[in-house]
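Before any comments, here is the structure.
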Amino acid sequence: MIQFVKKCDRWILAMGILFYTSGAVARYMGLNHVVFSFLSGAGCGMLLVATISLFIRFRSPQQAQQQEIEQRDERNIQIRLLAGNTTFLATLPVLFVLAVVFLILGYDLAAILTIFALAAPVLIFSIALVYYNKKM
């Protein structure tokens with residue numbers, strides 16, 4: 001598990017560097033678009049998260065082992081599953097309301113994209129449900 005987390009931290013660090021530099025280069029070239037500002041901000045956030053995570057891991061291996069033990073605890077696994085399920089179910093009405101608002105405002109493309117964003121997790125959830133019911 002720790003190896004996987006280390007790889008994720010490194011990927012987040014690499015993506016943060018990529019996002020931040022692409023936003024900074026675009027800004028330097030004079031492109032003042034919201035996307036580039038978003039990329040710079042997201043990249044900076046990813047850099048911060050990955051740096052703190054790597055710092056904690058390398059500074060305190062005992063703390064990293066304790067976190068791994070807590071992640072494997074059955075009670076914590078169940079809590080994460082319930083929290084994820086609640087988040088999923090709360091996100092669906094939010095996306096539906098957003099799609100309706102976009103339709104009312106006349107943003108047809110945004111509404112269609114939001115409807116696809118609403119349908120994708122439902123479809124993935126349904127496929128995963130069938131798969132895990134057959135597997136278990």
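Report yes if Val101 is farther than 26 Å from Met15 by Cβ, surrounded by 11 or more Cβ atoms within 10 Å (Cβ to Cβ) and at pLDDT 90 or above, otherwise no. It would help to see each step written out before you state the result.
Numbers: farther than 26 Å from Met15 by Cβ: yes; surrounded by 11 or more Cβ atoms within 10 Å (Cβ to Cβ): yes; at pLDDT 90 or above: yes.
For Val101, the condition - farther than 26 Å from Met15 by Cβ, surrounded by 11 or more Cβ atoms within 10 Å (Cβ to Cβ) and at pLDDT 90 or above - is met.
For Leu31, only one of the following conditions fails: (1) outside any helix (DSSP H, G or I); (2) surrounded by fewer than 11 Cβ atoms within 10 Å (Cβ to Cβ). What is its number?
That leaves (2) as the condition not met.
Every residue, every condition in (1) over 30 Å from Tyr20 (Cβ atoms); (2) outside the structural domain of Pro121 (by TED's automatic domain parsing); (3) loosely packed, with under 11 Cβ neighbours inside 10 Å, yes or no:
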residue	(1), (2), (3)
Thr51	no, yes, no
Gln65	yes, yes, no
Thr91	no, no, no
Phe96	yes, no, no
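Of the residues Ser53, Ser126, which single one is more than 24 Å from Ile12 (Cα to Cα), assigned to a helix (DSSP H, G or I) and among the hydroxyl-bearing types (Ser, Thr, Tyr)?
Ser126
Of the conditions (1) closer than 24 Å to Arg10 by Cα; (2) outside the structural domain of Cys8 (by TED's automatic domain parsing); (3) among the aliphatic types (A, V, I, L, M), Val25 clears all except one; give me its number.
Among (1) closer than 24 Å to Arg10 by Cα; (2) outside the structural domain of Cys8 (by TED's automatic domain parsing); (3) among the aliphatic types (A, V, I, L, M), Val25 violates only (2).
Looking at the range 7-25, can you tell me whether even one residue there is at pLDDT 80 or above, in contact with a helix residue (DSSP H, G or I) (Cβ under 6 Å, 6 or more places away or on another chain) and among the hydroxyl-bearing types (Ser, Thr, Tyr)?
Within the range 7-25, one or more residues are at pLDDT 80 or above, in contact with a helix residue (DSSP H, G or I) (Cβ under 6 Å, 6 or more places away or on another chain) and among the hydroxyl-bearing types (Ser, Thr, Tyr).
Determine whether Thr21 is within 27 Å of Ala128 (Cβ to Cβ) and surrounded by 10 or more Cβ atoms within 10 Å (Cβ to Cβ).
Numbers: within 27 Å of Ala128 (Cβ to Cβ): no; surrounded by 10 or more Cβ atoms within 10 Å (Cβ to Cβ): yes.
The answer is no for Thr21.
What residue, among those in the range 28-42 that are farther than 21 Å from Leu13 by Cα and not aliphatic (A, V, I, L, M), is nearest to the chain's Cα centre (by Cα)?
Once the filter is applied, the top-ranked residue is His33.
The values are calculated or read from the model by the stated rules, or taken from the named source; none is laboratory data. Every value quoted in this text rests on a predicted model; they were computed, and no experiment measured them. Virtual Cβ from ideal backbone geometry, glycine too; neighbours counted across all protein chains shown.
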